[in-house]
Amino acid sequence: MTQTDRDAENGRDREKEQRGVKRPIVPAAVPEPVQEQIQANFIVVIHPGSRTLRLGRATDTLPISVPHVIARRHRQPGQPRHQDPSLLRDGLNAADSSEQRQNGMKMIDQVIWSRKMSNGVRRTPVSAEQARLYNRQIRPAVLEPNSKVSWTNTTHQPQYLVGEEALYVNPTDCYSIHWPVCRGHLNIHSGQGGSLTATLVDLETIWSHAIQKLLEIPLKDLKYYRCILLIPDIYNRQHVKEIVNMLLVKMGFSAVIVHQESVCATFGSGLSSACVVDVGDQKTSVCCVEDGVSHRSSRLCLAYGGADVTRCFFWLMQRAGFPYRECQLSNKLDSVLLHQLKESFCHLDQFYVLLMFLQDISGLQDHEFRTRFPDSPVLLYQLRLGDEKLQAPMALFYPAAFGIVGQKMTSLLHRSQGDAEDPHDEHFLLTTQSKQDQSSKASADRRSFPKPAGFEGESDPSEKGNLAQDVDLGHSQAEGLISGAEAEETSSALLFRKTAVTQFEGKALGMDKAILHSIDCCASDETKRKMYSCILVVGGGLLFHGAQEFLQHRILNKMPPSFRCLVENVDVITRPKDMDPRVTPWKGGAVLACLDTTQELWIHQREWQRFGVRMLRERAAFVW
């Protein structure tokens, strides 16, 4: 169109407007919402553990593992030194701890000795006295006069040290040692640095240091990054809320997703459904996951893990005359050595024990280990052991052998106590439901009888209030409402659950019994069959040779007879995809970052600042 034609058209439009003919109004184009493209290399996956922190970008093949510990310099000279225990714990010094430990060991010995050899003869017990006579004569050999290991340099007086540097702080330096996570929860205690505020500061310092130094992400650039946080299946709501606030507000991530370790473990192993057994350093959690959903009723947390096995192994070695006589459970470097000895020597292969017994009538084996400490020579020790290598990991199935008395050893999922910042929580839903049930019953009664004159067309004001409340609930909360019949079932289920809590929380369940109880809490027989068919073991607490066959044998022998004909095979997976089971949950978090459905789960910084903990109830992929 030429300029002359355009001018003529504009002139005709002006004439029409002057004659009163208006041009049609074209509505403004509404731009379609653009789906933000999220790059996986700008997503940080964080899996905090009691002993090890694992974190990395979602595009990384493996995470970076950092000892989850911090050393803080004393603010005042002469301040008493504090050190959170690594292997020691409450409940070990009770009057009957030793007796309970001995009774647990007797049960373990009975199981070991009940196995028959190929000729049908029962195995003769191996006396610890035989090993003790040999080990007491051992003196270490000096391999090198200088270990070439030094204490962490603190001459520049840093305010804090993280990870390996914190472990190698000289005990004579003015630093206190803190482990901010204990048994899957924040390490809140009455001692120095044990408040919630101090623990969160330690957590923020460790994570910020690891992100900045190891991932090489400047803290000022975290506003361009997102974070996926893995939490335990049985979590403390207050702690999770504070950690999310720390990530979004204090550290400055742009968005966060919170998901459970068990579900992420199934993602990382490529399984759709499994009974997930996560054996950590200080806790063992059991949970049944079906199609990416964790069954609430199946969750258990056992207050023991790999550290308890390490401590039990140390006691057994002491009974056998452990030649490194200066070893102390309270020494952090000795704790590291004991963890290494446990991982090197212990196993769960009973057939291997029987084979060794046939080869050597004494049933004893010789081992050696080295100590390499700062400002000390490298020493080589000889060590003779027998059944101790099998007894220690078997304590996971007979936890009385840990000798822990007066402590809560089994936890089930409790109802939320409520949060003042979240008025529309499950308590609100139950109260609203009760009012709706009463209103429905009243409405039904009124419909059954004729209304008096003058009341036609009027409605009960309580119904209006309930209707308004129902509208305000939103989609996710409306799904939580249940009918009257289901409410009765829920009440009976809660009563059963309360009985179960009373029955189990005072006892230390063995790992196999915990698995059976968790599966038994599933709703349908079909779900139970799936769980028996696939038991996924993750974490570093059960990394023993023969653990897969040992656990499979115990589950097969103890599962209900009614399921033995339904379950073709009990498959125990201890190394999914030949992967280190310690990184499986983290790997699942990285997989989660790449799923299309994940986009609905992000909690953005501005949303959190405006709505707070309510966003967890709305966006979490599990029932908050």
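Any read-out appearing in this document is the output of simple, stated calculations on the displayed coordinates, not a laboratory observation. Just so it is clear, the structure is predicted and the values come from calculations on it, not from any experiment. Cβ coordinates were reconstructed from backbone atoms using ideal geometry, including for glycine residues, and neighbour counts include every protein chain displayed.
Listed values, structure above:
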{"read-out": "Distance between modelled label sites at residue 97 and residue 42, nm, 7 Å Cα→Cβ extension", "value": "5.2"}
{"read-out": "Length released on extending from residue 577 to residue 109, taking residue separation times 0.36 nm less the Cα-Cα span", "value": "165.0 nm"}
{"read-out": "Charge dipole (debye, nearest 20) of the range 533-609; +1 at Cβ of Lys and Arg, -1 at Cβ of Asp and Glu", "value": "280"}
{"read-out": "For the range 279-322, alpha-carbon Rg and Dmax in angstrom", "value": "15.8, 51"}
{"read-out": "Separation of the residue 545 and residue 340 label points, Cα + 7 Å toward Cβ, nm", "value": "1.9"}
{"read-out": "FRET E, pair residue 212, residue 148, Förster distance 22 Å, beta-carbon r, rounded to 0.05", "value": "0.15"}
{"read-out": "The range 530-624: GluC sites (Glu not before Pro) in DSSP coil with no more than 14 other Cβ atoms inside 10 Å", "value": "568"}
{"read-out": "Förster radius 22 Å - calculated FRET efficiency between residue 524 and residue 430, Cβ distance, rounded to 0.05", "value": "0.35"}
{"read-out": "Segment residue 607-residue 552, extension gain: residue separation times 0.36 nm, minus the distance between their alpha carbons", "value": "15.1 nm"}
{"read-out": "Chain lengthening between residue 157 and residue 223 when straightened (0.36 nm per residue, less Cα-Cα)", "value": "20.7 nm"}
{"read-out": "Computed label-point distance, nm, for sites residue 291 and residue 569 using a 7 Å Cα→Cβ extension", "value": "2.5"}
{"read-out": "Radius 15 Å from Cβ of residue 128, net charge of other residues (Lys, Arg +1; Asp, Glu -1)", "value": "+3"}
{"read-out": "Percent RCO, i.e. relative contact order, over the range 498-602, from Cα pairs under 8 Å lying at least 6 residues apart", "value": "30"}
{"read-out": "Sorted peptide list for 383-393, 398-408, criterion being average Cβ within 10 angstrom, highest first", "value": "383-393, 398-408"}
